[in-house]
Structures are given as C-alpha cells and as structure tokens.
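Structure first, commentary second.
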C-alpha cells in the first residue's frame, strides 16, 4: 500500500509539472513591446549597423594623422670599382629610413561632417526601425484581440445553433417541429464549423507571426491580456496631437544636409589646392673602422598642388561637381514631397478618426437593438410564435453587430497608431496616457 501511495504521489507531481509547463505565458501590450525591442532579430541587426557607424564617426579624425614608415637593413655591393680595376667588396653597410607624410585639403572638413551625418542617419534609421517595430507589434496585438473576439462570437453562435438543433429535435419528437426544421438547424450547425476552423487556423498563424516579431520561440505558448470591449474611444484626446516632424520628413532633411556637404566637398576638391607635408630621414653607415653616419637622402618637403583639369568642363572633377549639384536639387524635391505627403497623412488620419468615433456610437446602438431583437425573438420562439429561421436570423444579426463594433474599434486603434507615428509622439499620447 505504501509503495502504491508513493507511485500515486509521483504520478500526481509529474502531472502537475506537465500542466504547469503547458500553462501559457500571459503577455500584456507593454510586455509584448518590451520583448520585441529586446529580442527582435531585425532590430538587433540595425543596432549592430549603428554601432559600426558610431565607431566610424569616433575614428573619423584619424584622417589628420600623418602616415608613418620605418625600414632598416644591411647591404653589401658585390664589387667595388677602384683606380686599379674592380675587386671583391667585403664591407657591409647598414641603413635605416623613417618618414612622415600628410596631405591636407579643404574637402577633409566636409568628409568629417559627412561621417557625422552618416552616424546621425544611422541613429535615425534605428529609431525609425524601433518605432515601426513597436507600431507593428501594437497593430498585431490588437488584430489578434479582434480575432479572438471573433472566435468567441463564432463559438457562441455555434453553441446557440447546437442548442437550437437540440430544441428542434426535442420538438420534432413531440410533433411541434417538422423534419425540415431539424434538417435546417443541422445544416446551420455544420456550415459554421468550417468557418470556425478557418478562424482558428488564421489565429494560430497570426500568433506565430507575433511571436516572430517578439523574438520568442514559436513553440512557446502565450496568451494575450485584454480585449476590444473597452470603450477606448471615450478616452481619445486629439488635443494632444502636437505637430512634430514626421520620420519620413526627418530622413529627407538629413539627405538634403548630406548632399549639401557632398556638394561642398566637391567644390573644395575642385577649386581649393591640396597641401602635402613630408619628412624623411635615411641615415646609414658602412660597418668598418672610422665610418660615420650620413643622412644624405633625408628631406623635409612642403608642396602645394592644384589640378588645372578642373577648369575643363568635361573632366571628372567637373562631372562630380555637377552630379553633387543635381543630388542637392533632387533631395530638396524629395523633402518637399515628404512634407506634402506627411500633411496629407495627418489630415486623412484625423478625418478617419472622427468618422470612426461617430460610427462607433451608431454601431453601439445597433448592438443594443440586435440584442433586444434576439431576446424578443428567442422568447417568441419558446412560445411558438417565431420559427427557427427567425431565431437564427436574429442570432446572426446580433453576432454581426457585435463584430462590426469591435472591427470599427480596431480601425480606430490602428488609425490612431498611424497618426501617432506620423506625428512622432510616444504611442499612447492620444489616448490621454503618455504626455
């Protein structure tokens, strides 16, 4: 008996551990965003690229470090020439040389600024990738909540239809319903089951996509906290929509600034001469008695060079200058287009948000009407004054009204997310949360 009791405890503990391992991890929206920022692989690669650009910016000043060199060696001529002819040479000579060289041009300043702008562009790229990721996570999270609500509605509809089928069979047995009523109820049940299965498959696939965004293992079981039944539209605060520079406009501004410095560098390289500094020393000595060190080939040099080809219109320097000017003009055009597009996005978002809020008020009344109609139809069905078809239609109208309300709320949430992204404000600002 004691042995069986021990086995029972082992089985109980093992079963408890299995159930505990299968319990899903509950995530709220903030947890999901935090997980994505920490574990998303695409964002990590962007961060690595930013680190590389930061390293390049930190080391950009190295172009002002002179180039250095040092050599040393022994040599011996095979023969020496004397007044009496040639003879074998047995004297070794030791020599060494060292040198410093530096070329300074006005374009170096523009190159340093370009490296700095390149790092700023990388920082902006990372920030935009992070915001886009957070936006996508919030959209995916809300979309899954909508799917779960749809699944709940569909399952409730299926349960009602199964109950209607059971009622029809009961009434058929006592002669209060025809076999057509039973068949109709059964068909109604069976046609809904494939729809429910498709919704479940779609939900599983979308949940996998969310796990990939969050950087979580696909086999990890998670559950989402919250639902779309909360009337978030009542907390909407459009007055908090302080205009800011949109991400696309900011990126276009950086492109303009970078192209202007590229033009400056091209102009300096064409019109400003280059200064070259150099210093070399090459002492040497023959390894024999009385030999002395000599530095006959060492020198200090200062040169100023200027390319006369720059005055010719078909040269490479002039072509680079023209291309740089064209790049500035093009990027200015892109910037103006980005500003116009951003303004249109904001206006459209404001209109869609106001429309969604008004639509939610109407759809809320539709849900109340559909619920009351269903309750009255159900009561009439039980009293025998309404048939099964009328009850099924009322149930379908109720389910559709509930789903339309939730779908419109999701549309409102996604549009507010788009507007917050375009305004470049923290997500949640327009809900009266973050300021």
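The values are calculated or read from the model by the stated rules, or taken from the named source; none is laboratory data. Here the structure is a predicted model, which is why all the values come from computation and not from measurement. Heads up, the Cβs are rebuilt from the backbone with ideal geometry, glycines too, and the neighbour counts pull from every protein chain shown.
Within this structure, residue 200 fails the test of being over 32 Å from the mean Cα position of the chain (by Cα) and free of Cβ contacts under 8 Å to residues at least 60 places away in the same chain.
Scanning the range 214-234 for residues that are in a helix (DSSP H, G or I) and at pLDDT 90 or above yields a single hit, 214. Please go through the range 279-325 and pick out each residue that is under 30 Å from residue 261 (Cα atoms) and at pLDDT 85 or above. Listed by number, the residues that qualify are 302, 303, 322, 323, 324, 325.
Restricting the range 382-392 to residues that are assigned to a helix (DSSP H, G or I) and without any contact (Cβ under 8 Å) to a residue 12 or more places away in the chain, the residue that is nearest to residue 139 (Cα to Cα) is 382. At least 2 residues being touching a strand residue (DSSP E or B) at 6+ places or on another chain (Cβ under 7 Å) and modelled with pLDDT under 85 is the threshold, and among the strands (runs of 3 or more DSSP E) wholly inside the range 2-99 those reaching it are 67-75, 79-82, 85-88. A residue that is modelled with pLDDT under 90, farther than 29 Å from residue 403 by Cβ and outside any helix (DSSP H, G or I) can be found somewhere in the range 105-122. Condition test on residue 239, is it surrounded by 15 or more Cβ atoms within 10 Å (Cβ to Cβ) and part of a helix (DSSP H, G or I)? Here the answer is no, as residue 239 does not meet what is asked. Could we say that residue 192 is within 16 Å of residue 25 (Cα to Cα) and surrounded by 11 or more Cβ atoms within 10 Å (Cβ to Cβ) here? Taking the combined requirement at face value, the residue does not satisfy it. If you go through the range 116-166 and keep only what is over 30 Å from residue 415 (Cβ atoms) and buried (at least 18 other Cβ atoms within 10 Å of the Cβ), you end up with 117, 119, 122, 160, 161, 164, 165.
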